[in-house]
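The values are calculated or read from the model by the stated rules, or taken from the named source; none is laboratory data. What you see is a predicted model, and the numbers here were worked out from it, not measured in a lab. Glycine also receives a Cβ, built like all others from the backbone with ideal geometry; neighbour counts cover every protein chain displayed.
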Amino acid sequence: MEIKELHLDNYLGKEVKINGWIRNHRKQAHFCFIDLFDGTCFKSVQIVYDEELSNFEEVSKLLVGSSICVSGLVVESSGKQEFEIKAKEVSILGYCDETYPIQPKRHTREFLRDVAYLRPRTALFQAIFRIRSVASMAIHTYFQDRGYVYFHAPIITASDCEGAGEMFRVTTLDLKNKNLKDEDDFFGKVTGLTVSGQLEAETFASAFSKCYTFGPTFRAENSNTKIHASEFWMVEPEVAFCDLDGIMDIEEEFLKFIVSYVLERCPDEIDFLNHFVEKGLRNKLENLLNSNFVRITHKEVIDILKKADVSFDFAPEYGEDIAKEHEKYITEYFGVPVFIKDWPRDIKAFYMKQNEDGETVRAVDLEVPGVGELIGGSEREASYEKLIARMKELDMNIEELDWYVNLRKFGTVPHSGFGLGFERLLIYLTVVDNIRDVIPYPRTPKSCDF
Ligand code: 4AD
Ligand code: MG
């Protein structure tokens, strides 16, 4: 049976048989104790055995990391746990030698990153990756329950949605052969890995009204920070007949839904993180559910930053992007997630709806304490003429994106959407502050080890 079942019901006085890996092994004068986990739930189970065990000698020599199958009786425990298993039979499935890097002590996260293939066996990474799994389900549940169509955006694409030139190239060309042209490449043109499924999502929202993508996203940006990865997962809903206020309402409801879903389903994991990583985690998450997110314009943010009694490394300026230190100041200033809307058009993407002032666009970023930018979204430009004018201004290849601009000719509607960085959400949920620790096998500049 699974260890999860043992903790769900009362098995006192019953015979059980479980499998697992040894997390800790203590030998005392008359008894030996094994802390056994199988990953089916956060909790482990204590096994007790003594010299009556037929293979006592062999079992007592087992090192941490070994795998065993135990049959025994569930009895009351004299220790801190509610019950333990008095072993009658222990069969050894796999030995583990002394080179096993995961020992029953605190390892640094940097050390564990180097043994990424074994770190899921630690309590910390059991918590993180269970929450990652449950949060994925929360995302699907939120959208599915509300009638959104889940669609799979292509991974190989010819369009750089964000126009930031951060696409990884996909090619079969022999790069040493200088005579080859783009037309000779596999798809007959330049292609890359997607930086966002948004443009394709807009085509589906223009048919199903509500859709979402949730999949891998790639960015070849050379940022070695704690919140940037070269491969990450993004959730991108796109909603027709929805304006900027409407999409902010959805973002707020969506984030609260995920938090309550995870709080409900991962109480042991959250308690562990609350205990060992950051004391205020549970409070922070519970408070979020009852908070109202702040909604202010980019200009108002700059006003606040300019008045701040802090000397920033980068001076805040109207019309310019805000730095990490500004995001931090603003989220701490309000203490709740902050929607920053109406951004200067020149620092945002081509597809965003232009405001009447000619200077700003209907973009909105959601900034959360401890992470910074968690979500980027906007109302999309629905006017054919305005979109074309903007693309011309930016010297974009309109022909390549005819399928996208044509949506504005064939029954255009107001529509909006956003992209949530799944790993940044996990940083928020787990307070493990480095993106490398919420991705099973992280890819960052100069690092792709597994
Ligand atoms: O703000 P971004 O670039 O927005 C878009 O890509 C839009 N097309 C989304 C949309 O409207 N459908 O990215 C969205 C989010 C960011 O807010 C951030 O959380 C995350 O994706 N993100 C990254 N996460 C990890 N590593 C990176 N390198 C990231 N780049 C963006
Ligand atoms: Mg952004």
Give Ser260, Ser291 a once-over and let me know the one that is surrounded by fewer than 16 Cβ atoms within 10 Å (Cβ to Cβ), among the hydroxyl-bearing types (Ser, Thr, Tyr), within 24 Å of Ile340 (Cβ to Cβ) and modelled with pLDDT of 95 or more. Ser291
Conditions (1) more than 25 Å from Lys43 (Cα to Cα); (2) in a helix (DSSP H, G or I); (3) small (Gly, Ala, Ser) -> Ser260 fails only (1)
With the condition kept exactly as written, say whether any residue in region 128-145 is loosely packed, with under 15 Cβ neighbours inside 10 Å and over 28 Å from the mean Cα position of the chain (by Cα). no
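Condition check ((1) of a type in the set (D, E, K, R); (2) away from ligand 1 (no atom under 16 Å from the Cβ); (3) in contact (Cβ under 8 Å) with a residue 12 or more places away in the chain) across all residues:
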position: Ala240; (1), (2), (3): no, no, yes
position: Asp243; (1), (2), (3): yes, no, yes
position: Glu251; (1), (2), (3): yes, no, yes
position: Leu255; (1), (2), (3): no, no, yes
position: Ile258; (1), (2), (3): no, no, yes
position: Val262; (1), (2), (3): no, yes, yes
position: Arg265; (1), (2), (3): yes, yes, yes
position: His275; (1), (2), (3): no, yes, no
position: Lys279; (1), (2), (3): yes, yes, no
Within region 373-381, can one find any residue that is more than 15 Å from Gly419 (Cβ to Cβ) and surrounded by fewer than 16 Cβ atoms within 10 Å (Cβ to Cβ)? no
Which ones in region 56-88 are surrounded by fewer than 15 Cβ atoms within 10 Å (Cβ to Cβ), without any contact (Cβ under 8 Å) to a residue 60 or more places away in the chain and in a strand (DSSP E or B)? Cys69, Ser71
Going by the structure shown, is Ala323 at pLDDT 95 or above, within 16 Å of ligand 1 (Cβ to nearest atom) and within 20 Å of Ile435 (Cα to Cα)? yes
Residues in region 197-254 that are within 15 Å of ligand 2 (Cβ to nearest atom) and surrounded by fewer than 20 Cβ atoms within 10 Å (Cβ to Cβ) total 5
How many residues, within region 24-44, are touching a Leu at 6+ places or on another chain (Cβ under 7 Å) and within 18 Å of Phe125 (Cα to Cα)? 1
Please go through region 360-380 and pick out each residue that is more than 12 Å from ligand 1 (Cβ to nearest atom) and within 15 Å of the chain's Cα centre (by Cα). Gly370
Yes/no for Leu53 being more than 40 Å from the chain's Cα centre (by Cα), outside any strand (DSSP E or B), at pLDDT 95 or above and not basic (Lys, Arg): yes
Collect the residues in region 295-313 that are polar (S, T, N, Q) and at pLDDT 95 or above, keeping them in residue-number order. Thr297
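Yes/no matrix, rows are residues, columns are (1) within 30 Å of Lys409 (Cβ to Cβ); (2) touching a helix residue (DSSP H, G or I) at 6+ places or on another chain (Cβ under 6 Å); (3) in a helix (DSSP H, G or I); (4) among the aliphatic types (A, V, I, L, M):
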site: Asp160; (1), (2), (3), (4): yes, no, no, no
site: Gly165; (1), (2), (3), (4): yes, no, no, no
site: Asp174; (1), (2), (3), (4): no, no, no, no
site: Asn177; (1), (2), (3), (4): no, no, no, no
site: Leu180; (1), (2), (3), (4): no, no, no, yes
site: Glu183; (1), (2), (3), (4): yes, no, yes, no
site: Phe187; (1), (2), (3), (4): yes, no, no, no
site: Tyr212; (1), (2), (3), (4): yes, yes, no, no
site: Pro216; (1), (2), (3), (4): no, no, no, no
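For region 4-31, which residues satisfy the criterion of being aromatic (Phe, Trp, Tyr) and under 35 Å from the mean Cα position of the chain (by Cα)? Before the answer, list the steps.
Here is the first cut: in region 4-31, the ones aromatic (Phe, Trp, Tyr) are 11, 21, 31.
If the condition is that a residue be aromatic (Phe, Trp, Tyr) and under 35 Å from the mean Cα position of the chain (by Cα), then Trp21 is the only one that fits.
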Go through region 392-450 and give me each residue that's within 23 Å of Ala349 (Cα to Cα), hydroxyl-bearing (Ser, Thr, Tyr) and within 15 Å of ligand 1 (Cβ to nearest atom). Tyr404, Ser416
Residue pairs within 8 Å by beta carbon, gap of at least six or interchain, first lying in region 326-339 and over 19 Å from Leu285 (Cα atoms), second outside any helix (DSSP H, G or I) and among the small types (Gly, Ala, Ser), listed first then second, are Glu327/Gly372; Tyr329/Ala308
Quick check on region 328-344. Is at least one of its residues in contact with a Gly (Cβ under 9 Å, 6 or more places away or on another chain) and acidic (Asp, Glu)? no
Any chance region 345-359 includes a residue that's of a type in the set (D, E, K, R), within 16 Å of ligand 1 (Cβ to nearest atom), surrounded by 14 or more Cβ atoms within 10 Å (Cβ to Cβ) and under 30 Å from Ala127 (Cβ atoms)? no
